[in-house]
Amino acid sequence: MSNKAVLEVCAFHIESCLIAEKCGAVRVELCDNPIEGGTTPSYGTIKQVREKISIKLYPILRPRSGNYFYSDEEFDILKDDINMCKQLGCDGISVGISKINAEVDTERLKRIVEWAGPMGVTCNRVFDCAPEPFNALEDIINCGCERILTSGLKTAAPDAADLLKQLVDKAGNRIIIMPGAGVKSSNIAKLRDASGAKEFHSSARKAAPNPVTYINKEVSDYGNVYIADEVEVKAMIAALNS
């Protein structure tokens, strides 16, 4: 693995994927529903993004928001979505699954990794929900995942630099620890130096202006479109290269 630190962009819109590639990110985690922490994007979105970018594409596979304890029906949905991602030529997936006690469900995660092959598998922030991080680390390694996306069990990764450093050291070359959540150009270099991590994750998102000429302000569920801030993505990559 290179000593150079790299950036994965969490993208909620196809334009964000284009910005990520243009600015030098190595990978896109493609998601829907930013307000709910990210859920599985549509077939059409994945297909269009795959056709338009050449950097690595890892859609999140999360059938709903909330916890990661999935029913049998939701587990079947994950299997179908894994097959969809393979058919569309994705490089990998971002996924997580837990038992009812919030420990990593190793039996099901191993099956997910098997179904996904030869795609790579990032274990997402189900890790941050587990009751004991070092047990979860070993469980995820044993399941065959290639990286863990984690905020270090905090709301924002920069607040967990000490634990992230411990995780990076404990993981060694067995799995990649990728800090994410609250990662910005103003803190990414400091977090890199403190944690020793070589991969970082950020959406760098901002609400896009609404081009519609009439907006009914009595409607409260209108929502926003979130786009990656090109200036911020460039600044993060520049900070990592400094």
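The values are calculated or read from the model by the stated rules, or taken from the named source; none is laboratory data. Every value quoted in this text rests on a predicted model; they were computed, and no experiment measured them. Don't worry about glycine lacking a Cβ; one is built from the backbone with ideal geometry, like all the others, and counts go over all protein chains shown. For the accessible areas, the whole protein counts, side chains as well, though only heavy atoms, and no ligand, DNA or RNA atoms are used. Shrake-Rupley method; radii C 1.70, N 1.55, O 1.52, S 1.80 Å.
Per residue, the accessible area of segment 83-242 comes to 49 Å² when a 1.4 Å probe rolls over the protein heavy atoms. Per residue, the convex hull around the alpha carbon atoms of segment 1-105 comes to 119 Å³. Suppose every K and R has +1 on its Cβ and every D and E has -1 on its Cβ; what is the size of the dipole of the chain about the Cα centre, in Debye to the nearest 20? So the magnitude is around 760 debye. At a 1.4 Å probe radius, carbon and sulfur cover how many percent of the accessible area of segment 106-242? In segment 106-242, the share of accessible area belonging to carbon and sulfur is 49 percent. Taking Glu8, Glu21 and ordering them by how much accessible surface each has at a 1.4 Å probe, largest first, produces Glu21, Glu8. About its Cα centre, segment 107-171 has a charge dipole of approximately 160 debye under the convention of +1 per Lys or Arg Cβ and -1 per Asp or Glu Cβ, with nothing else charged. Of all DSSP beta bridges located in the chain, what percent are antiparallel, nearest 5? Roughly 15 percent of the DSSP beta bridges within the chain come out antiparallel. Counting only protein chain heavy atoms and rolling a 1.4 Å probe, the accessible areas of Tyr58, Tyr226 rank, largest first, as Tyr226, Tyr58. Scaled to the globular estimate 2.2 N^0.38 Å, the Cα spread of segment 148-211, given as radius of gyration, is 1.20. Accessible area ranking (1.4 Å probe, heavy atoms, ligands and nucleic acids excluded), largest first, for Tyr43, Tyr68: Tyr43, Tyr68.
Volume of the convex hull of the chain (Cα atoms only), normalised per residue: 135 Å³.
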